[in-house]
Amino acid sequence: MLTGKQKRFLRAKAHHLKPIFQVGKGGVNENMIKQIIDALEARELIKVSVLQNCEEDRHVVAEQLAQGAGAELVQVIGNTIVLYK
C-alpha cells in the first residue's frame, strides 16, 4: 500500500507520460494483463486509457488491471488509469 506522499510523487512523475495501453469494448482480458505486467517490469509506472466504448466502469477496470498485474493503483483521473509496480 502506498502512502499519500508516495502517491503524490508518482502522480507528478506520471503527469508527463502518455497512455501506452487502451481498454476498449472487449474490456480487460488475460492477454492485456500479460502485456501490462511486461510493461510494468520495464517501466514501473504506466498509464492506461479507458476508451468511451468500454462497457465496464473505469474504476472496475482499474481494480481488475491492478489485481491482475499485481500492481498498485495510483490514480484514476478522467478516463486514464495510472499503475505502479
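In the chain, what percentage of the DSSP-assigned beta bridges are antiparallel, given to the nearest 5?
Antiparallel: roughly 75 percent of the beta bridges in the chain.
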Proximal lysines to K34, defined as alpha-carbon separation beneath 21 angstrom and excluding residues fewer than eight positions away on the same chain | K18, K25, K47, K85
Linear extension gain, E44 paired with L17, 0.36 nm per residue minus alpha-carbon span = 8.5 nm
Where does helix 58-69 land angle-wise versus the long Cα axis of the chain, in degrees 0 to 90, nearest 10?
-> 70 degrees
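Counting only other residues whose beta carbon sits under 14 Å from that of T3, what net charge do I get with K and R as +1, D and E as -1? Don't skip to the end; give the middle numbers.
Working: positive: K5, K7, R8, R11; negative: E72.
Combined, the nearby Lys, Arg, Asp and Glu give +3.
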Kindly express, to the nearest 10 degrees and within the range 0 to 90, the angle between helix 4-14's C-alpha long axis and the longest C-alpha principal axis of the chain.
-> 60 degrees
Cross-link partners of K7 among aspartates and glutamates (Cα-Cα below 12 Å; sequence separation of 8 or more within a chain) = E72
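Mind checking the dipole of the chain: about its Cα centre, +1 per Lys or Arg Cβ, -1 per Asp or Glu Cβ, Debye to the nearest 20? Before the final figure, lay out the partial values.
Numbers: 12 positive and 9 negative charges, 105 e Å.
Around 500 debye, computed over the chain.
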Taking a label point 7 Å from the Cα of K34 along Cα-to-Cβ, the residues of the stretch 46-85 whose backbone nitrogen sits under 20 Å from it are 64-71
In 5 Å bins starting at 0, how do the alpha-carbon pair distances of the stretch 1-84 split up by percent?
-> 3, 16, 30, 27, 17, 6, 1
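No lab work stands behind these numbers, since they all come straight from the coordinates. Since we're looking at a predicted model, the values are computed, not measured. Glycine gets a Cβ as well: all are built from the backbone with ideal geometry, and neighbour counts include every protein chain shown.
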